[in-house]
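Working notes for the structure below.
The values are calculated or read from the model by the stated rules, or taken from the named source; none is laboratory data. What you see is a predicted model; the values in this text were computed from it and never measured. Quick reminder, even Gly has a Cβ in these numbers, built from the backbone with ideal geometry, and neighbours come from all protein chains shown.
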Amino acid sequence: MPVLEQYCCVSVQGWIASVRGGSFSSQGKHITSSCSLVAFNTDQAGGMVGLTSVNAASDGKWTVTQISCHADLVTDLDFSPFDDYLLATCSADETVKLWRVCDPAQDQCSDAEVTLSPADGRLELVLFHPAASELLAVASVRGLQVWDVTRDTALTGKHTPVCARFSLVFSYFTLMHLCLQMRQQEVRLWDSRKLSSSLTDLSLLLSVSHCLTDLSTRGTALVPKLALDVSCCEVLRLLQLTDNFIVPISYQVPRKDFHADLYPDTVGHTPAMTAEDWWKGENKQVLTSQRSEASTSSSPLSTPSSSAAPSRSPSSTSGLSSGFLPSPSPSQSSRAIQNMLGPSSKFRHIQGAVLHRDTHITNLRGLHLTTPGECDGFCANGQRVAVPLAIAGGQIAVFELSQPGKLPDTALPTIQNSVNVADFCWDPFDTHKLVVAGDDAKIRVWQIPKGGLTETLTEPECVLRGHTEKIYSIKFHPHASGLLASSSYDLTVRLWNLGTGEEVKRLSGHQDQIFGIAWSPDGKLLATVCKDGKVRLYDPRKSTLPIQEGPGPEGHRGARVVWVCDGKYLLVSGFDSRSERQLYLFSAESLASGSVASVPADVSPSTLIPFYDSDTSVLILTGKGDTRVYTYEILPEAPYFMECSSFHSSEPHKGLCFLPKTECDVRDVEVARAIRLGKSTIEPVAFRVPRVKKEFFQDDVFPETAVWWEASLTAAAWLSGSNGQHRKISLQPKDMMPVSEAPKEVPVRKYLPSSVYLEEKTDEQKKEELLSAMVAKLGNREDPLPQASCEGVDEDEWARYLAQVVVMGAQVVARAFARALRQEFNYEHLFKVNDKTVGGSFYIQSKVVRAKERLDEELSIQQQHHPKPPEQQQQQT
């Protein structure tokens, strides 16, 4: 692009601050970039490397962190082309290290995954092979070595003196060489098959196209093609490292639609061969990028948390040589951009908002903030919410959602369980029944009176006994009324019939603490996730042992499990081996094969508690003590996870509990409503999807919903082998039309055609426009004038006085203006002093011209009606 500098864009808002660029001299790069991260040298003593992200976070800011990599200064660094999170560094301490880095907001690993010792003196350059995995080139002042990092051995080492600054570029046919000769900077291009002479050279002292900034440069790096923003036709992005900033310099071509000629296919994230294949003599090229190719990294050093982001293929065609392509239609360009960026979620802009304060319950005191990790912390249904209190005896307060406001300072009526509460939940088919599991291995069933608690309850409706150790969690069956599942420290899961108060099933097979249990949507299967690192699947009516078993989260802090995608997959939120929160997706048909996809969340000690909406396939997660609520759309195929906008609260919350779909305001496109428990408040939170045509019912996000708050069969019927199914209802109001049936609007031209602006207007039209503009500025002419409210002066006297002023003023102005215009010099003077170039007014200048024309016309008319005497005519001749 010969005129690329014309499209350079540098925005101060996009500068990455809190950067302290290194000023020491080295032969290698001071900054490098992958599709996700940017690494750079810092001015800190020792081998410190700075790390930040390529793109800003959701709040528009960058997080910058530092890693201590070497004992001496870092001379060069390079990201793997097949793994965005694999960084290689070399140092003056004569070592090469490979680091598994993560997002800057997370804690970085303090130990390198691989350490190489070439024993070749001070190392200057390090570079990954562009086509072969695990192949690394290392250059020192003595020569060059090629290493297979998986075997920790050098494949070759050719000692050739290096006497000038150079940069190696892996290629099959060419080698670029940057050298210093006679203090002249130049770039030469070599054919590696004929090194006797260079193909061409370029002096850097020549005037070339460039983008200038006022800051001194410590280093530059190109952002990979797959990370460019193709929606704004960005064709190149350069990162400039300065003393205190990283300046992104974006080159954008000013085009409205997607143009394939700007984006030929680029290389993907999948290596073409291994280091061993390359050493044997094979030469293969990396395949062009497709979204499915770069979903995971093939490097054995990679982990599920470091899988590369989906690559984007900017074009479906390649090999464009010359000529011009016809511009695609808008539909073609939109499809091309969608294919390039991958699938897009209709919920990506979902917004969470706390409802008005009038709906809050405030002045909560004495909340129990240290409930067990397996407990959600509180529970709610469509009518009331139950909250544990930090009072001896395992007391629980119940508040009616229909009675918001400030709670009294006096003591509240509660439910007294006499033991510490481990977990509790509402019966989904009875909004008055609350089931509580205690530390004494008993399950108590409480019946809340209509209208709410008016006095303290001390006697439960019934008590379930059978577990021998403390209970972890309890879950109601989604279809059968009165059927409850519970997990305990005795490593069993038991099923209870609340109608009879008896234990009906006992499931075994766990080797350690059971973190979570979940019923399948059809109620046939039960899934568990355990501290022993296993995910298990039970069919309770057929066997007491698991029918499937597979590897689960590696962390031991806690986990939750929920069914998604109509029961085809299991989603587990847990921790990885580094205690970082992760989301895992398992196929319900093959747990043994492990997770089919995973995404990292962040670093926090609390487990993410998931809520899944089967109508929209939206997953909402948050943890106890968090301020952020994550939102994903779950897909049954790659990429599986589609991240949407997050909801942030100003203060940490205890958690969220979601209400039935009938509580949502569909007129405001509210797809979910939750109850948020704060430190002293209970607040409703609405999750809305922004839409333009809110006057129509958005049937694409509101399909028929299952009435899960009504039982479809009894516990006895389910135990005998029957299966139920919830009926479905439509949420569409009677007075709203579905948006799918809305009449198609005819496209309206945004702007008037150019002929409207170019047509010549008559003097009368211009006069009318000017008069209308003056009236609009003066305001309403019918409004009373200020003097109309004055007293003490007769109205007739006011009128006579104003008339005299107007007439005299008009006469004076007209005489002075006419006198000035009768002389050509004065006219020219008035015209020049009002010129725009000297700060004058074009409006006054136009009036001067118009007045001169009218004056000349009037004088010519007077001369025709009153000709001059013959004496004056003779004198003029």
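What the table shows:
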{"read-out": "Output for the stretch 571-610, where each listed residue is at pLDDT below 90, among the charged types (D, E, K, R) and touching a strand residue (DSSP E or B) at 6+ places or on another chain (Cβ under 8 Å)", "value": "Asp576, Glu580, Asp602"}
{"read-out": "Some residue of the stretch 715-727 being part of a loop (DSSP other than H, G, I, E, B), outside the structural domain of Asp409 (by TED's automatic domain parsing) and of a type in the set (Ser, Thr, Tyr)", "value": "yes"}
{"read-out": "Hits in the stretch 563-591 - residues which are polar (S, T, N, Q), surrounded by fewer than 20 Cβ atoms within 10 Å (Cβ to Cβ) and within 13 Å of Thr607 (Cβ to Cβ)", "value": "Ser579"}
{"read-out": "Residue count, the stretch 500-540 (criterion: touching a Lys or Arg at 6+ places or on another chain (Cβ under 8 Å), among the basic types (Lys, Arg) and crowded, with 17+ Cβ neighbours inside 10 Å)", "value": "1"}
{"read-out": "Residue satisfying all of: in the stretch 400-449; in a strand (DSSP E or B) and of a type in the set (Asp, Glu); surrounded by the most Cβ atoms within 10 Å (Cβ to Cβ) among these", "value": "Asp423"}
{"read-out": "Among residues of the stretch 222-254, those that are touching a Ser or Thr at 6+ places or on another chain (Cβ under 9 Å), touching a residue at least 24 places away in the same chain (Cβ under 8 Å) and of a type outside the set (A, V, I, L, M, F, W, C), counted", "value": "8"}
{"read-out": "Set Val419, Val387: member being touching a residue at least 40 places away in the same chain (Cβ under 8 Å), assigned by TED's automatic domain parsing to the domain that holds Asn497 and not small (Gly, Ala, Ser)", "value": "Val387"}
{"read-out": "Members of the stretch 468-492 found to be within 36 Å of the chain's Cα centre (by Cα) and part of a loop (DSSP other than H, G, I, E, B), listed by number", "value": "His477, Pro478"}
{"read-out": "Positions within the stretch 498-516 being within 20 Å of Lys433 (Cα to Cα) and touching a Ser or Thr at 6+ places or on another chain (Cβ under 9 Å), in sequence order", "value": "Leu498, Gly499"}
{"read-out": "Subset of the stretch 226-257 [assigned to a strand (DSSP E or B), over 24 Å from Val64 (Cβ atoms) and among the β-branched types (Val, Ile, Thr)]", "value": "Val235"}
{"read-out": "Identity of the residue in the stretch 31-61, under 23 Å from Arg348 (Cα atoms) and touching a helix residue (DSSP H, G or I) at 6+ places or on another chain (Cβ under 9 Å), that ends up surrounded by the fewest Cβ atoms within 10 Å (Cβ to Cβ)", "value": "Gly60"}
